[in-house]
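Down below is the structure, laid out as structure tokens.
The values are calculated or read from the model by the stated rules, or taken from the named source; none is laboratory data. Values in this document were obtained by computation on a predicted structure and should not be read as measured data. Here the Cβ positions follow ideal geometry from the backbone for every residue, glycine too, while neighbour counts run over all protein chains shown. SASA here: full protein model, heavy atoms, side chains in, ligands and nucleic acids out. Shrake-Rupley method; radii C 1.70, N 1.55, O 1.52, S 1.80 Å.
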Amino acid sequence: MPKNDLDAAYQEGLKKMKNQLSRAKVNEWLWGWFLIAPTTIGLIVLNIIPAIQTFYLSFFKSGDFGRGNIFVGLQNYVRLINDQQVWFAVRNTLLYTLLVVPIGVFISAVIAVLLNRNLKGQGIYRSIYYIPVIATPAAVTMVWRWLYNHHYGLINYVLKQIGLKPVNWIDDPDIALISIAIVSIWSTVGYNMILILAGLQEIPQVYYEASNIDGANAITQFFRITIPMVSPTLFFVVITSVIQCMQVFDVVYMMIDVARPSYDRTVSLVYLFYNNSFKYLDKGYGSAIVMLLLLIISVITVIQVRLQKKWVNYTN
Amino acid sequence: MKNRIFSIVLAVMLVLTILAGCGSTPAGNPTPASQPDTSSKDNSSGGKPASSEPVTITYGLWDSNQAVGFEKMAEEFTQANPNIKIEIQLNGWSDYWTALDAAASAGTLPDTFWMHSNNIYKYASNDMLLNLNDYINASDKIDMKNYPEGLVSIYNYNGKQFAVPKDYDTIGLWYNKTMFDEAGVKYPDETWTWDDLYEAAKKLTKPDKSQYGFLAAMHNQEGFYNFIYQNGGTVITADKKSGYDDPKTIEAMEYYVKFVKDGLSPVIFGDSDRSEAITNGLVAMGFFGSWNLSGFSNNEFMSQNFDVTVLPASPSGGRASIFNGLGYAIAPNTKKADAAWKWIEYLGSKEGQLRQAELGIAISAYNGTADAWVNSNKTFNIKCFIDMVQYAQIRPYSNTTSVWEDKTYEALRGAFTGEKTVEQACRDAAAVMNESLTRE
């Protein structure tokens with residue numbers, strides 16, 4: 001019997017310990033939930049619920065002033081598939097992303113590497129590159145619109161002075177998207193540069209010192225040490241830039257009116273959504289357009305996450 | 001794995017941020033005017049007339065040039081009615097309609113605000129405006145007979161008057177006198193036809209393209225609409241079909257686009273580019289509406305070099321100028337309807353309309369007040385805007401004007417760039433417009 005007693009006591013002790021452990025764990029969980037509550041509630045109320053409502057709204061023909069919505073099933077989506085302009089917008093948005101992300105990330109990486117050295121007036125350069133990020137996009141676009149102005153713009157004035165033909169930056173359908181991409185690259189380079197710079201500064205100097213002893217030159221060091229070590233930051237920069245580019249609106253909205261001949265070649269999905277929802281007050285159709293955008297961004301993000309294994313190195 | 005989850009969460013969050021804009025209508029900004037609500041409620045239960053307690057009436061409008069004049073009128077009104085204060089709420093043209101739409105959905109419309117022919121149907125058919133019939137019948141200052149019939153009918157829906165006419169506007173031919181003198185061309189006058197315009201434009205265009213004779217921009221109200229109606233064409237038929245495939249319309253459009261094709265006009269699409277072109281001396285002539293008057297008078301280049309006259313007639317003598325007018329409306333759910341009506345009654349009365357004209361705010365709608373407006377400006381010969389009223393054509397509108405106006409622009413721009421023939425562009429415009437009209 002004593003053996004049995006001992007066994008029972010052992011079992012009981014184990015049970016107690018388990019209980020205590022789970023109580024502590026429950027306590028920890030509660031604290032965890034409590035601490036993330038402000039963000040979570042904000043996210044649910046401001047983002048997730050409206051997102052679900054948007055999805056719901058995309059099955060309706062919206063009435064004026066949010067009243068008298070009529071359920072139309074998939075009609076908005078059928079219209080969307082047959083709407084040439086939606087596919088123009090998809091093409092423009094993707095093309096814009098393909099223009100802005102590679103060039104933008106490349107330029108910011110180059111600037112970051114240059115500014116990572118011991119340069120005289122380093123702080124001033126970093127500030128200069130960061131200033132466009134602080135400026136309001138609408139204000140930035142207004143200034144660029146003047147620079148691009150066909151008849152009185154500074155850029156065309158300079159082109160004329162050096163004997164070149166003036167370019168119709170805003171109205172020419174073949175050029176307008178590039179003009180918009182230039183503004184976007186100019187205004188986001190600073191932000192990405194700061195992120196990459198932070199990533200660069202986390203690389204321990206020992207790697208470089210060790211490779212110096214092994215006889216590696218600067219180029220080998222850049223490709224074998226710098227790029228792999230900074231790749232998590234680059235991945236972050238690329239993924240956020242792609243998502244931001246897919247949602248481009250303000251620059252196009254400020255620069256290209258519906259009446260301009262470059263509209264079909266520059267209209268972005270969000271701009272089209274805005275026009276349909278708030279200008280033509282067809283909120284149901286606008287919601288369907290945004291759902292298409294959500295689908296495209298999700299697919300691109302999944303692909304990117306899959307591909308990251310191939311090139312992103314996480315230390316530890 | 002952790003990283004993957006992180007990036008997916010991140011991506012979803014960023015997408016959601018833009019979705020958020022769609023689902024919920026931004027609540028209208030609470031105005032300080034909501035405070036006196038309770039006091040006026042107390043009044044009614046106490047049996048006293050509402051106007052004896054101090055109230056603030058909000059007044060929504062979109063034109064910053066006019067707002068200056070209305071500040072003055074509001075001050076004068078408050079002096080005469082010490083208990084009613086007017087608070088002006090100014091928004092730019094396109095923001096105005098976005099904000100008004102949101103405010104209407106949330107039930108927080110300004111007490112009084114401007115209405116436009118493009119939007120009257122939507123607001124009237126959804127009871128978003130106060131029916132003014134009883135107020136007008138009881139008033140000794142407002143009688144719909146005193147305003148141009150066309151304007152009254154714009155704001156009348158199913159026999160209910162939803163707005164009191166405020167003003168009207170017509171389009172004039174603005175011309176640069178200095179450029180005309182330089183080229184030795186006679187100033188335009190009421191004898192001109194399109195052919196005279198064309199000949200003059202030819203003489204005023206410089207070969208190096210630093211100066212064009214005429215501004216044939218892709219703009220409807222201050223552009224080709226005038227040509228269409230002068231030529232006997234139409235934009236929208238009585239049974240709500242597009243008029244762009246009407247042969248007369250196509251003929252007018254062909255003549256209009258010819259200025260661009262023959263290099264007598266710059267190719268201009270954007271709204272802001274048009275006024276840039278004329279105020280920077282790129283063009284010698286252009287069609288601009290009477291509402292530009294205060295802007296042009298304040299512009300040194302314009303006031304020194306320009307004058308204005310009636311629009312030229314079509315070769316067969318057809319005359320027209322696009323005519324539009326605004327109205328004063330009251331929110332249907334305002335708790336201060338009596339005070340709001342007092343303000344609107346003053347603005348619409350002969351006294352208020354004369355004051356609006358004297359201050360040069362706009363051409364007042366009240367019959368017989370035009371002279372006061374003409375005398376308000378000595379810089380330009382603005383009497384022509386009044387002269388054109390006798391053959392003015394109301395700006396074409398239907399229930400969803402702003403939708404098909406954009407759609408037709410999209411179809412027509414190919415004609416201006418030369419991608420399409422004018423006829424093809426007009427047929428395309430008719431097709432998209434008819435499609436949009438069936439969805440009304």
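Please go through the range B:66-110 and give me each residue that is among the acidic types (Asp, Glu) and over 21 Å from the mean Cα position of the chain (by Cα), ordered by number.
B:GLU75, B:GLU76, B:GLU87
Condition first: at the interface with another protein chain (Cβ under 10 Å from one of its Cβ atoms) and under 21 Å from A:PRO204 (Cβ atoms). Now tell me which residues in the range A:221-241 satisfy that.
From the range A:221-241, those at the interface with another protein chain (Cβ under 10 Å from one of its Cβ atoms) are A:232, A:235-236, A:239-240; that's our starting set.
Listed by number, the residues that qualify are A:PRO232, A:PHE235, A:PHE236.
Taking the range A:271-307, which residues are buried (at least 19 other Cβ atoms within 10 Å of the Cβ), in contact (Cβ under 8 Å) with a residue 40 or more places away in the chain and polar (S, T, N, Q)?
Passing the criteria: A:SER287, A:THR301.
Taking the range B:383-405 as the search range and keeping residues that are among the β-branched types (Val, Ile, Thr) and within 14 Å of chain A (Cβ to nearest Cβ), which one is nearest to B:GLY318 (Cα to Cα)?
It comes out as B:THR401.
So that you can scan it fast, the table gives a plain yes or no per residue for (1) among the basic types (Lys, Arg); (2) open to solvent by less than 30 Å² (accessible area, probe 1.4 Å); (3) in contact with a Ser or Thr (Cβ under 8 Å, 6 or more places away or on another chain); (4) free of Cβ contacts under 8 Å to residues at least 12 places away in the same chain:
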site: B:ASP134; (1), (2), (3), (4): no, no, no, yes
site: B:GLY150; (1), (2), (3), (4): no, yes, no, no
site: B:SER153; (1), (2), (3), (4): no, no, no, yes
site: B:VAL164; (1), (2), (3), (4): no, yes, no, no
site: B:THR178; (1), (2), (3), (4): no, no, no, no
site: B:ALA183; (1), (2), (3), (4): no, no, no, no
site: B:PRO188; (1), (2), (3), (4): no, yes, yes, no
site: B:THR191; (1), (2), (3), (4): no, no, no, yes
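Could you run through the range A:247-262 and say how many residues are open to solvent by 20 Å² or more (accessible area, probe 1.4 Å) and of a type in the set (A, V, I, L, M)? Walk me through it before giving the result.
First, the residues of the range A:247-262 that are open to solvent by 20 Å² or more (accessible area, probe 1.4 Å): A:247, A:249-250, A:253-254, A:257.
Within this subset, residues satisfying the condition of being of a type in the set (A, V, I, L, M) are A:254.
Number satisfying all stated conditions: 1.
May I ask you to list the residues in the range A:64-114 that are open to solvent by 20 Å² or more (accessible area, probe 1.4 Å), in a helix (DSSP H, G or I) and in contact with a strand residue (DSSP E or B) (Cβ under 9 Å, 6 or more places away or on another chain)?
Within the range A:64-114, just A:GLN75 meets the criteria.
Among (1) of a type outside the set (Val, Ile, Thr); (2) closer than 23 Å to B:LEU129 by Cβ; (3) at pLDDT below 50; (4) in a helix (DSSP H, G or I), which single condition is B:ALA27 missing?
Checking B:ALA27 against (1) of a type outside the set (Val, Ile, Thr); (2) closer than 23 Å to B:LEU129 by Cβ; (3) at pLDDT below 50; (4) in a helix (DSSP H, G or I), the one that fails is (4).
Can you tell me which residues in the range B:121-132 are under 17 Å from the mean Cα position of the chain (by Cα) and surrounded by fewer than 23 Cβ atoms within 10 Å (Cβ to Cβ)?
Once the filter is applied, which keeps residues that are under 17 Å from the mean Cα position of the chain (by Cα) and surrounded by fewer than 23 Cβ atoms within 10 Å (Cβ to Cβ), the range B:121-132 yields B:TYR121, B:LYS122.
Check A:TYR253, A:TYR271, A:TYR207, A:TYR191 and return the single one that is within 11 Å of another protein chain (Cβ to nearest Cβ) and in a helix (DSSP H, G or I).
A:TYR253
Can you find a residue in the range A:49-63 that is in contact with a Lys or Arg (Cβ under 9 Å, 6 or more places away or on another chain), among the aliphatic types (A, V, I, L, M) and part of a helix (DSSP H, G or I)?
Yes, there is a match, as at least one residue in the range A:49-63 is in contact with a Lys or Arg (Cβ under 9 Å, 6 or more places away or on another chain), among the aliphatic types (A, V, I, L, M) and part of a helix (DSSP H, G or I).
If we scan the range B:105-117, do we find a residue that is of a type in the set (Phe, Trp, Tyr) and either open to solvent by less than 40 Å² (accessible area, probe 1.4 Å) or out of contact with any helix residue (DSSP H, G or I) (no Cβ under 8 Å at 6 or more places or on another chain) (or both)?
Start the filter on the range B:105-117 by keeping residues that are of a type in the set (Phe, Trp, Tyr), which leaves B:113-114.
Now narrow it down to the ones that are either open to solvent by less than 40 Å² (accessible area, probe 1.4 Å) or out of contact with any helix residue (DSSP H, G or I) (no Cβ under 8 Å at 6 or more places or on another chain) (or both): B:113-114.
Yes, the range B:105-117 has at least one match.
Exactly one condition in (1) on the phi > 0 side of the Ramachandran plot; (2) in contact with a strand residue (DSSP E or B) (Cβ under 9 Å, 6 or more places away or on another chain) is not met by B:ASN158; state its number.
That leaves (2) as the condition not met.
From the set of residues in the range A:145-174 that are in contact (Cβ under 8 Å) with a residue 40 or more places away in the chain and open to solvent by 40 Å² or more (accessible area, probe 1.4 Å), which is farthest from A:ASP257 (Cα to Cα)?
Checked the range A:145-174; the qualifying residue farthest from A:ASP257 (Cα to Cα) is A:ASP174.
Does A:ILE219 satisfy the condition of being in the same structural domain as A:SER127 (by TED's automatic domain parsing) and loosely packed, with under 15 Cβ neighbours inside 10 Å?
Details: in the same structural domain as A:SER127 (by TED's automatic domain parsing): yes; loosely packed, with under 15 Cβ neighbours inside 10 Å: yes.
Answer is yes for this residue.
Just to verify a result, which residue in the range B:237-256, among those that are in contact (Cβ under 8 Å) with a residue 60 or more places away in the chain and touching a Gly at 6+ places or on another chain (Cβ under 9 Å), is surrounded by the fewest Cβ atoms within 10 Å (Cβ to Cβ)?
B:GLY243
With respect to A:TYR314, determine if the residue is outside any helix (DSSP H, G or I) and of a type outside the set (Val, Ile, Thr).
It is true that A:TYR314 is outside any helix (DSSP H, G or I) and of a type outside the set (Val, Ile, Thr).
Report yes if B:ASN118 is within 21 Å of the chain's Cα centre (by Cα), among the polar types (S, T, N, Q) and modelled with pLDDT under 90, otherwise no.
yes
Pick from the range A:126-137 the residues that are farther than 13 Å from A:TRP186 by Cβ and surrounded by 12 or more Cβ atoms within 10 Å (Cβ to Cβ): which of them is modelled with the lowest pLDDT?
The selected residue is A:ARG126.
From B:ASN299, B:ASN226, which residue is in contact (Cβ under 8 Å) with a residue 24 or more places away in the chain and closer than 29 Å to B:ALA362 by Cβ? It would help to see each step written out before you state the result.
Values: B:ASN299 fails: in contact (Cβ under 8 Å) with a residue 24 or more places away in the chain.
Matching residue, one of B:ASN299, B:ASN226: B:ASN226.
Which condition does A:GLN244 not pass, out of (1) open to solvent by 70 Å² or more (accessible area, probe 1.4 Å); (2) under 22 Å from B:GLU410 (Cβ atoms); (3) within 14 Å of another protein chain (Cβ to nearest Cβ), if it passes all the others?
Going through the list (1) open to solvent by 70 Å² or more (accessible area, probe 1.4 Å); (2) under 22 Å from B:GLU410 (Cβ atoms); (3) within 14 Å of another protein chain (Cβ to nearest Cβ), A:GLN244 breaks only (2).
Quick check on A:LYS120: is it outside any loop (DSSP other than H, G, I, E, B), assigned by TED's automatic domain parsing to the domain that holds A:ASP250 and open to solvent by 90 Å² or more (accessible area, probe 1.4 Å)? Let's see the steps before the verdict.
On the way: outside any loop (DSSP other than H, G, I, E, B): no; assigned by TED's automatic domain parsing to the domain that holds A:ASP250: yes; open to solvent by 90 Å² or more (accessible area, probe 1.4 Å): yes.
So A:LYS120 does not fit the description; no.
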